[in-house]
Every structure is written in structure tokens, then in C-alpha cells.
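Q: Got a structure here, written out as C-alpha cells. Questions coming.
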Amino acid sequence: MKLRGLIVATVVLAGLTGALYWSNRQKPAETASADAPPKILTLKPDDISKIDLKKKGGDELVLARDSSGKWQITAPQPMGVEQSAVSPMLSSLSGLTSERLVEDKASDLGQYGLSDPALTATITEKNSKTHGLLLGDQTPAGSAVYAKLEGDPRVFTIASYNKSSIDKNVNDLRDKRLLTVDADKISKVELIAKKEDIEFGRNKDGWQIVKPKPLRADDGQVAQLVRTLTDARMDLGGAGQDPKKTAAAFAAAAPVATVKVTAESGTQELQVRNSKDDYYAKSSVVEGVYKVPSSVGKGLDKGLEDFRNKKLFDFGFSDPNKIEIHDGAKSYFLTKGGNDWWNGSGKKLDAGSAQEVVDKLRDLSASKFVDSGFTTPTIELTVLSNDGKRIEKVQVAKKDAGYIARREGEASLYELDAQAVTDLEKAADEMKVSAPPRK
């Protein structure tokens with residue numbers, strides 16, 4: 001009897017244990033389902049064609065895609081849009097998730113600030129279907145706001161950062177570029193600054209100075225000028241928001257530079273002026289006058305000498321194919337073969353000593369440009385690079401305590417530091433043949 005009772009108790013206990021285990025397995029899923037925040041909007045960003053923002057007591061802002069799919073501001077007045085500025089808004093609207101459901105059927109929207117919402121966002125899809133999103137008051141804790149969809153009785157809360165990404169004004173979204181041309185499409189730049197009129201032209205080899213006369217340009221300096229222009233943005237903060245004050249400040253300010261950039265799409269112009277620590281700009285492609293960062297003004301306040309290429313050779317960071325140095329009665333020949341350098345006798349050169357000569361040639365730069373002083377050359381340099389397609393010949397003449405150099409085919413004279421020439425001569429003289437491999 002006792003044995004049968006024990007068996008029954010064991011079976012009952014096993015049943016209860018199984019039921020408890022199954023119950024515990026099911027509860028997390030049920031809890032997760034119950035606690036999952038409801039989705040408010042589930043849209044595809046690419047399907048959104050128009051966004052209409054109406055603020056309580058404020059202007060209406062309308063964004064719409066043009067025929068190319070790019071966003072434009074159509075109201076309160078047409079203007080371009082910084083495309084990247086719209087992305088956070090699209091991200092929030094297309095997959096808007098609530099933090100919690102407050103009421104299934106709200107009868108008093110006024111208590112949530114939704115009877116007269118702070119912001120109404122109307123989203124239109126390509127198929128003309130619209131969704132009206134109402135955003136009301138902040139929650140008592142201040143970390144969320146009340147929200148609902150038009151035609152839906154439910155009231156939700158959404159995170160405040162979601163509201164921030166949706167609640168934008170014209171200045172938040174407008175294209176703030178003062179020149180709208182792409183940097184890589186610019187073929188000509190004219191800079192009028194420091195009482196000089198400089199023109200740059202771009203070809204397949206890079207930038208060159210065209211005006212006041214053809215000169216080699218420092219490609220990096222001209223590229224930086226182009227970046228300054230294409231990165232120039234209007235400053236819409238503080239006093240920059242008052243068009244009349246900004247226009248008056250521009251009219252009274254001193255001219256810094258006028259720049260014209262030309263591409264296939266046409267020519268755009270930017271005028272920059274300065275008053276004490278403030279800089280102002282006026283563009284031919286954007287209506288109005290705007291305050292700009294000082295970096296724009298300083299980046300344009302440059303003269304011809306700032307853009308001239310002071311390097312004697314153009315082979316840059318690539319090793320040349322062949323080098324000839326004639327220094328008085330001494331001559332040096334270097335030819336690159338694979339990864340090795342060879343002298344005029346066909347002997348392999350010590351890699352370190354050969355590279356020292358290459359580096360000294362690469363570093364030869366003008367300390368300044370001069371108009372005269374070149375006499376009888378004492379050093380002649382020839383460098384072949386770019387697989388033999390570029391040949392550069394330079395003559396160097398002694399002048400007082402220094403040297404003056406002249407490139408073949410150019411009128412420009414480069415004044416060289418005496419130490420730079422001495423270092424080159426020393427490196428060439430100390431070149432040595434590579435030691436034979438050990439047996």
C-alpha cells in the first residue's frame with residue numbers, strides 16, 4: 001500500500017514539474033510580446049515623396065523629391081536641400097516606433113497636447129497615400145513626447161530624439177553651400193585678391209597657373225583653394241540670421257577676394273569681405289548675403305607666390321627611372337631596374353646611398369623666386385620619370401653664397417639654399433657600389 005502511494009506521488013510530482021517547466025518557458029515569450037513597443041509607422045524611405053511640416057504658430061515647411069529623386073524645399077519658398085540633412089528625418093519617419101502605448105481610445109487629446117499639436121507631419125508616398133503624424137506635449141519625465149496618427153484613436157509616446165530628427169526648420173535643411181559646383185568638375189578658377197588677378201587651369205596632369213603668365217602651380221595649394229570654395233557654407237547662427245544687418249555689414253566691409261569657378265555647367269562667383277574678425281560672402285547662385293567662417297576668408301586671401309610650385313622636379317613620391325648629375329668634372333649616373341639602382345658601369349648600387357641621392361633631388365625647392373642672377377651653370381641635372389615619359393632638365397649656377405636654378409624651357413629662376421645643393425653633392429659623392437653577396 002505504501003509502495004503504491006509512493007509511486008502515485010512520484011508520478012504527480014513529475015507532472016507538476018513538467019507543467020512548471022513548460023509554464024516558465026512560455027512566460028518570457030508572452031512577456032516580450034506584451035512589452036514590445038507598437039510600431040507607429042512602417043514605410044520604405046524610398047517610397048516617401050513628400051513631407052509637410054506644420055508647426056504650431058509657425059511657418060509651414062514642405063519638402064518634395066524632384067524628377068531626379070533629390071529633395072527640394074518647395075515652401076515657404078523654393079530652395080535647395082542638403083540631402084544628408086534629410087536622412088535622419090526619413091529614418092525616423094519610415095520606421096517610427098513608440099516607447100509605449102498610453103491609451104487605446106483616447107477621448108481627451110488636450111491632456112496630451114494633441115488637440116492642437118506642436119507639430120503635424122504629413123507624409124506622402126509615391127502612391128499618393130498620406131499619413132498624418134501629430135506630436136504633442138512632452139511627458140512629465142521630459143524624455144518623450146506624446147504622438148498619434150490621424151484617424152487612429154491610440155496615443156503613444158515616442159523618444160524625444162525622434163521628435164528632434166523630425167522637427168526641422170528651413171535653416172536646418174537648406175543647402176548651405178555658397179557654390180554648388182562639384183570640386184572634381186571645376187576646370188578653371190580665377191582669384192582676384194591682394195591686388196592680383198590669378199587664373200588657374202586644370203588639365204590631365206593637374207593644375208597650372210595661366211594668368212598673369214604661364215607658371216607651374218603647386219597642385220596641392222590649388223586643390224586646397226578649390227576645397228575652401230566648395231566647402232564654403234553660410235553661417236546662419238546669431239547675427240547671420242538677420243538679412244538686413246548682414247547685407248549692411250557686407251556693404252561696409254573691405255574686399256578680401258572675388259573668385260570665379262568654371263565647370264561644364266557654367267561659371268559661379270563668390271565675393272568675400274572682411275570687417276574686423278567677421279567675414280561675409282555673396283554668391284552668384286544663392287540669393288542674399290551671409291556670414292562665413294574666418295577659414296573661408298583666410299583661405300582666399302592669398303597671392304601668386306602662394307600658389308607657385310617651388311619644387312625643381314615633378315616626380316614627387318614616385319622614384320624616377322633615370323638620373324644624370326654633372327657637377328663640374330664629376331658625373332653620376334643612376335638607372336632604376338626593378339627594385340635596384342645601377343650606375344653607369346652597370347654595377348648595382350648600395351640601395352641606401354642611391355636613395356639618399358633621389359631624396360635630395362626630390363627635396364630641392366626654391367627658397368624664393370628671383371628675376372635675375374643666373375650665370376654660367378656649374379651643375380646640370382637630368383631626371384627621367386613616369387616610365388620615361390617625363391624628362392626634366394635643370395641647370396644650377398652659383399650666386400654669391402647661394403645658388404640659382406633654371407628648368408629647361410622655363411623663364412622662372414629658383415633661388416636655392418646653399419645647404420640643399422651641398423647635401424646633394426655630398427650624397428652623390430658618397431654613393432657606393434653594393435657589397436657582393438656572401439658565399
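Q: Out of LYS368, LYS399, I need the residue that is in contact with a strand residue (DSSP E or B) (Cβ under 9 Å, 6 or more places away or on another chain) and either open to solvent by 80 Å² or more (accessible area, probe 1.4 Å) or within 12 Å of PHE315 (Cα to Cα) (or both). Which one? Explain how you work it out, then say what you get.
A: Details: LYS399 fails: either open to solvent by 80 Å² or more (accessible area, probe 1.4 Å) or within 12 Å of PHE315 (Cα to Cα) (or both).
Result: LYS368 is the single residue among LYS368, LYS399 that is in contact with a strand residue (DSSP E or B) (Cβ under 9 Å, 6 or more places away or on another chain) and either open to solvent by 80 Å² or more (accessible area, probe 1.4 Å) or within 12 Å of PHE315 (Cα to Cα) (or both).
Q: Report yes if some residue within segment 159-177 is over 22 Å from VAL226 (Cβ atoms), in contact (Cβ under 8 Å) with a residue 60 or more places away in the chain and in a strand (DSSP E or B); otherwise report no. Before you say what the answer is, go through the steps one by one.
A: Step one: list which residues in segment 159-177 are over 22 Å from VAL226 (Cβ atoms), which gives 159-174.
So of that shortlist, the ones also in contact (Cβ under 8 Å) with a residue 60 or more places away in the chain come out as 159, 162, 165-174.
Next, only the ones that are in a strand (DSSP E or B) stay: 159, 174.
Yes, because at least one residue in segment 159-177 is over 22 Å from VAL226 (Cβ atoms), in contact (Cβ under 8 Å) with a residue 60 or more places away in the chain and in a strand (DSSP E or B).
Q: Follow-up. Which of (1) assigned to a strand (DSSP E or B); (2) basic (Lys, Arg); (3) in contact (Cβ under 8 Å) with a residue 60 or more places away in the chain does LYS302 not meet, given it meets every other one?
A: The one condition LYS302 does not meet is (1).
Q: Continuing with the same structure: Restricted to segment 96-111, and to residues that are exposed (fewer than 15 other Cβ atoms within 10 Å of the Cβ) and touching a residue at least 12 places away in the same chain (Cβ under 8 Å), which residue is nearest to the chain's Cα centre (by Cα)?
A: If we take residues in segment 96-111 being exposed (fewer than 15 other Cβ atoms within 10 Å of the Cβ) and touching a residue at least 12 places away in the same chain (Cβ under 8 Å), then ARG100 is nearest to the chain's Cα centre (by Cα).
Q: Let me ask something else. Only one of (1) crowded, with 20+ Cβ neighbours inside 10 Å; (2) under 22 Å from the mean Cα position of the chain (by Cα); (3) not polar (S, T, N, Q) fails for PRO293. Which number is that?
A: Failed condition: (1).
Conditions (1) open to solvent by less than 40 Å² (accessible area, probe 1.4 Å); (2) part of a strand (DSSP E or B), marked per residue:
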{"site": "THR335", "(1), (2)": "no, yes"}
{"site": "GLU356", "(1), (2)": "no, no"}
{"site": "LEU361", "(1), (2)": "yes, no"}
{"site": "THR378", "(1), (2)": "no, yes"}
{"site": "VAL383", "(1), (2)": "yes, yes"}
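Q: For segment 279-288, check the following and say yes or no: at least one residue is buried (at least 18 other Cβ atoms within 10 Å of the Cβ), polar (S, T, N, Q), in a loop (DSSP other than H, G, I, E, B) and touching a Lys or Arg at 6+ places or on another chain (Cβ under 9 Å). Before the answer, list the steps.
A: Taking segment 279-288 first, the residues buried (at least 18 other Cβ atoms within 10 Å of the Cβ) are 279-283, 286.
Now restrict to residues that are polar (S, T, N, Q): 283.
Subset that is in a loop (DSSP other than H, G, I, E, B): none.
Checked segment 279-288: no residue is buried (at least 18 other Cβ atoms within 10 Å of the Cβ), polar (S, T, N, Q), in a loop (DSSP other than H, G, I, E, B) and touching a Lys or Arg at 6+ places or on another chain (Cβ under 9 Å).
Q: Within segment 75-87, take every residue that is of a type outside the set (Gly, Ala, Ser) and open to solvent by 70 Å² or more (accessible area, probe 1.4 Å) and give me the one that is nearest to the chain's Cα centre (by Cα).
A: Within segment 75-87, the subset of a type outside the set (Gly, Ala, Ser) is 76-79, 81-83, 86.
Next, only the ones that are open to solvent by 70 Å² or more (accessible area, probe 1.4 Å) stay: 76-78.
Numbers: PRO76: 29, GLN77: 28, PRO78: 26 Å.
Here the answer is PRO78.
Q: Go through the residues of segment 74-85 one by one and say whether even a single one is of a type in the set (S, T, N, Q), in a strand (DSSP E or B) and at pLDDT 95 or above.
A: Here is the first cut: in segment 74-85, the residues of a type in the set (S, T, N, Q) are 74, 77, 83-84.
Applying the additional criterion that residues be in a strand (DSSP E or B) yields 74.
Going one step further and asking which of them are at pLDDT 95 or above, we end up with 74.
Among the residues of segment 74-85, at least one is of a type in the set (S, T, N, Q), in a strand (DSSP E or B) and at pLDDT 95 or above, which makes the answer yes.
Q: Another one. Within segment 184-223, take every residue that is open to solvent by less than 30 Å² (accessible area, probe 1.4 Å) and within 13 Å of LYS302 (Cβ to Cβ) and give me the one that is nearest to the chain's Cα centre (by Cα).
A: VAL222
Q: Within segment 32-71, restricting attention to residues that are among the hydroxyl-bearing types (Ser, Thr, Tyr) and either more than 19 Å from GLU125 (Cα to Cα) or touching a residue at least 24 places away in the same chain (Cβ under 8 Å) (or both), which residue is most open to solvent (accessible area, probe 1.4 Å)?
A: From segment 32-71, those among the hydroxyl-bearing types (Ser, Thr, Tyr) are 33, 42, 49, 67-68; that's our starting set.
Keeping just the survivors that are either more than 19 Å from GLU125 (Cα to Cα) or touching a residue at least 24 places away in the same chain (Cβ under 8 Å) (or both) gives 33, 42, 49.
Numbers: SER33: 86, THR42: 109, SER49: 34 Å².
Result: THR42.
Q: I've got another one for you. Is it the case that some residue within segment 414-422 is over 39 Å from the mean Cα position of the chain (by Cα) and in a strand (DSSP E or B)?
A: Start the filter on segment 414-422 by keeping residues that are over 39 Å from the mean Cα position of the chain (by Cα), which leaves 418-419, 421-422.
From what is left, the residues that are in a strand (DSSP E or B) are none.
No, the conditions are met nowhere in segment 414-422.
Q: Going by the structure shown, is PRO117 crowded, with 16+ Cβ neighbours inside 10 Å and either touching a residue at least 24 places away in the same chain (Cβ under 8 Å) or in contact with a helix residue (DSSP H, G or I) (Cβ under 8 Å, 6 or more places away or on another chain) (or both)?
A: Numbers: crowded, with 16+ Cβ neighbours inside 10 Å: yes; either touching a residue at least 24 places away in the same chain (Cβ under 8 Å) or in contact with a helix residue (DSSP H, G or I) (Cβ under 8 Å, 6 or more places away or on another chain) (or both): yes.
So PRO117 fits the description; yes.
Q: What are the residues in segment 196-214 that are among the small types (Gly, Ala, Ser) and modelled with pLDDT of 95 or more, if any? Before the answer, list the steps.
A: First, the residues of segment 196-214 that are among the small types (Gly, Ala, Ser): 201, 206.
GLY201, the sole residue that qualifies.
Q: Something else about it: Taking the condition closer than 30 Å to ASP205 by Cβ and either open to solvent by 50 Å² or more (accessible area, probe 1.4 Å) or not in a strand (DSSP E or B) (or both), does ARG227 pass?
A: Here the answer is yes, as ARG227 does meet what is asked.
Q: Do we find that LYS432 is in contact with a helix residue (DSSP H, G or I) (Cβ under 9 Å, 6 or more places away or on another chain), surrounded by fewer than 15 Cβ atoms within 10 Å (Cβ to Cβ) and without any contact (Cβ under 8 Å) to a residue 60 or more places away in the chain in this structure? Before you say what the answer is, go through the steps one by one.
A: Details: in contact with a helix residue (DSSP H, G or I) (Cβ under 9 Å, 6 or more places away or on another chain): yes; surrounded by fewer than 15 Cβ atoms within 10 Å (Cβ to Cβ): yes; without any contact (Cβ under 8 Å) to a residue 60 or more places away in the chain: no.
No: the conditions fail for LYS432.
Q: Also: Yes or no: ASP235 more than 30 Å from PHE313 (Cβ to Cβ), open to solvent by less than 70 Å² (accessible area, probe 1.4 Å) and acidic (Asp, Glu)? Spell out the reasoning first.
A: Numbers: more than 30 Å from PHE313 (Cβ to Cβ): yes; open to solvent by less than 70 Å² (accessible area, probe 1.4 Å): yes; acidic (Asp, Glu): yes.
In short, yes.
Q: Going through SER283, SER265 one at a time, which residue ends up being among the hydroxyl-bearing types (Ser, Thr, Tyr) and over 21 Å from the mean Cα position of the chain (by Cα)? Don't jump to the end; show me each part of the working.
A: On the way: SER283 fails: over 21 Å from the mean Cα position of the chain (by Cα).
Result: SER265 is the single residue among SER283, SER265 that is among the hydroxyl-bearing types (Ser, Thr, Tyr) and over 21 Å from the mean Cα position of the chain (by Cα).
The values are calculated or read from the model by the stated rules, or taken from the named source; none is laboratory data. Quantities reported herein were computed from a predicted structural model and do not represent experimental measurements. A quick note on method: Cβ atoms are made from the backbone with ideal geometry, for glycine too, and the neighbour counts reach across all protein chains shown. SASA here: full protein model, heavy atoms, side chains in, ligands and nucleic acids out. Shrake-Rupley method; radii C 1.70, N 1.55, O 1.52, S 1.80 Å.
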